Amino acid sequence: ENYHRICKILDVDPSNLVFTDQVHDTKVQEVSRKHCAGTNLEQKKLIGVDGLITNEPNLVLTTSFADCVPFFFVDVRNKAIGLSHSGWRGTVGKIGKITVESMKQSFGTQPKDLISVIGPSICQACYEVDEDVAREFRKAFTEEITGEILEDKKNGKYQLDLWKANKYILMEAGIPEANISISGICTCCNSDLLFSHRASNGLRGNLNAFLSLK
């Protein structure tokens, strides 16, 4: 019922929605009409996929979030789009860069032609992580970058900046800094309006990101 209501607001056909069962990994898949949910909006035909790309008009890429980072990608030259989900594991695995590379392979996308948005997600002030997570980021990023994205609280805890980490990933993939926008909206700070896993201790629903070529 909620999806039908949202589709009416967005002026899209519910049968054009493409869902995926996200697993905090880095698999990105090109999708087409055969991957649409059809009339069963609870059915997710793609399992273990955290990134979707397409160049088919009217398909609606759909991913779910409740603190993790949504990536929106639009190739303005080749008319292709991508939508990815990135928690801390996806960030360490650089799914943003993998999405860009997948679009290049499938559609001839050049990073300079991409517009990218980092959507509402948890901010650094709200996102405390343990040493094991910090260690994975030190492996994946340079010392200079980890010094910017990890605030050491000197008690085995760190405040992690997923926004800045993912911006660096997109720039590493070749997207010009001027083409990358960060919404700056924290799901945890605004848990009265947005679903936040951390703020609700897991007692929450999901936010959805939608992206489509008209």
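Structure above, values below:
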read-out: Selection within the range 157-167 - open to solvent by 60 Å² or more (accessible area, probe 1.4 Å) and part of a strand (DSSP E or B); value: 157
read-out: Filter result (closer than 18 Å to residue 62 by Cα and either in contact with a helix residue (DSSP H, G or I) (Cβ under 6 Å, 6 or more places away or on another chain) or not charged (D, E, K, R) (or both)) within the range 197-214; value: 205, 206, 207, 208, 209, 210, 211, 212, 213
read-out: Residues of the range 113-125 satisfying the condition of being farther than 22 Å from residue 187 by Cα and either among the polar types (S, T, N, Q) or open to solvent by 50 Å² or more (accessible area, probe 1.4 Å) (or both); value: 115
read-out: Counted residues, the range 93-114 - those being over 14 Å from the mean Cα position of the chain (by Cα) and either of a type outside the set (Gly, Ala, Ser) or part of a helix (DSSP H, G or I) (or both); value: 13
read-out: Residue in the range 126-135 that is of a type in the set (Lys, Arg), assigned to a loop (DSSP other than H, G, I, E, B) and surrounded by fewer than 20 Cβ atoms within 10 Å (Cβ to Cβ) present; value: no
read-out: Hey, residue 154 over 30 Å from residue 31 (Cα atoms) and not in a helix (DSSP H, G or I) or not; value: yes
read-out: Scan of the range 26-52 for residues that are open to solvent by 80 Å² or more (accessible area, probe 1.4 Å), of a type outside the set (Val, Ile, Thr) and modelled with pLDDT of 85 or more, ordered by number; value: 27, 30, 33, 34
read-out: Pick from the range 77-112, criterion in contact with a strand residue (DSSP E or B) (Cβ under 6 Å, 6 or more places away or on another chain) and of a type in the set (Val, Ile, Thr), ranking: surrounded by the fewest Cβ atoms within 10 Å (Cβ to Cβ); value: 98
read-out: Matching option when the condition is closer than 21 Å to residue 110 by Cα and crowded, with 17+ Cβ neighbours inside 10 Å, among 207, 170; value: 170
read-out: Flag for residue 195 being part of a strand (DSSP E or B) and either open to solvent by less than 50 Å² (accessible area, probe 1.4 Å) or touching a residue at least 40 places away in the same chain (Cβ under 8 Å) (or both); value: no
read-out: Any pair with Cβ under 9 angstrom, 6 or more apart, that starts in the range 20-41 at a residue that is closer than 16 Å to residue 103 by Cβ and ends at one that is modelled with pLDDT of 95 or more and acidic (Asp, Glu); value: 26/50; 27/50; 28/50; 28/101; 31/56; 32/56
read-out: Yes/no for residue 64 being within 30 Å of residue 193 (Cα to Cα), open to solvent by 10 Å² or more (accessible area, probe 1.4 Å), part of a strand (DSSP E or B) and at pLDDT below 95; value: yes
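The values are calculated or read from the model by the stated rules, or taken from the named source; none is laboratory data. What you see is a predicted model; the values in this text were computed from it and never measured. Glycine also receives a Cβ, built like all others from the backbone with ideal geometry; neighbour counts cover every protein chain displayed. Keep in mind that these areas ignore ligands, DNA and RNA; they rest on the heavy atoms of the full protein, side chains included. Shrake-Rupley method; radii C 1.70, N 1.55, O 1.52, S 1.80 Å.
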